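To keep things clear, I will list the structure first and then write my remarks on it.
The values are calculated or read from the model by the stated rules, or taken from the named source; none is laboratory data. What you see is a predicted model, and the numbers here were worked out from it, not measured in a lab. Because the Cβ atoms are built from the backbone with ideal geometry, glycine has one as well, and the counts that use them run over all protein chains shown.
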Amino acid sequence: MESFINMILLTLLAVVTLGVVRLRNLFAVVILGGIYSFLMASVLIVLDAVDVSMTEASVGAGISTVLMLTVLYMTRVEEAKPVHTPILPLFVAGVTGAVLVYGTWGLPAFGLSDTPINTHVGMRYMELSVPDTGIPNVVTSVLASYRGFDTLGETTVVFTAGIGVLLLLRRGVSLARLRRKQQEEEKPS
């Protein structure tokens, strides 16, 4: 049953991706991007990665969609027609996809218990998590203790990006007000 649900979700992801590629209306693209993030969060739930799923839902489907809609409010709704053919980007995307698929052929089958991650690092975390950190949740102990500096770095990057976006949006709002004021002054009375 889990495989069937994954196939349905992955098919929906492919359909949404095709919709994003084909549409020229940026509002529809932003909404489809939010739907894509929601579907990806659903896939992660099926794969028992609930913590990553919550992050994807809040950042991908939530904050990113709101920020994109805000930016869209300050710009045009329709995408400009491309000035060149999309052959080169299509070729680069195809080659990148082929290399990624080729790279997966050397991986062990999904879910095997005798893979290196399950025989070395994963088991060590499971055995030593509570004695080392005193945190009963293994995922929390890995993120907050073993990889604490990495998590702090990721949080700092996200925070800095958020501040940058807010500053850009603030500047955009100020420019929009200035344009409206100039248009009002130019109108004949």
Would you call A98 touching a Ser or Thr at 6+ places or on another chain (Cβ under 9 Å) and at pLDDT 80 or above?
no
Being within 16 Å of the chain's Cα centre (by Cα) and not hydrophobic (A, V, I, L, M, F, W, C) is the filter here; which residues of the stretch 7-33 pass it?
T17, G33
Positions within the stretch 116-157 being modelled with pLDDT of 80 or more and assigned to a loop (DSSP other than H, G, I, E, B), in sequence order:
G134, I135, P136, N137
Residues in the stretch 71-82: is at least one out of contact with any Lys or Arg (no Cβ under 8 Å at 6 or more places or on another chain), assigned to a helix (DSSP H, G or I), free of Cβ contacts under 8 Å to residues at least 24 places away in the same chain and surrounded by 10 or more Cβ atoms within 10 Å (Cβ to Cβ)?
yes
Out of curiosity, is G111 free of Cβ contacts under 8 Å to residues at least 60 places away in the same chain, part of a loop (DSSP other than H, G, I, E, B) and out of contact with any Cys (no Cβ under 9 Å at 6 or more places or on another chain)?
yes
Could you tell me whether the stretch 20-30 includes any residue that is aromatic (F, W, Y), in contact (Cβ under 8 Å) with a residue 24 or more places away in the chain, surrounded by 14 or more Cβ atoms within 10 Å (Cβ to Cβ) and in a helix (DSSP H, G or I)?
yes
Taking T96 as the residue in question, decide whether it is within 26 Å of the chain's Cα centre (by Cα) and not in a loop (DSSP other than H, G, I, E, B).
yes
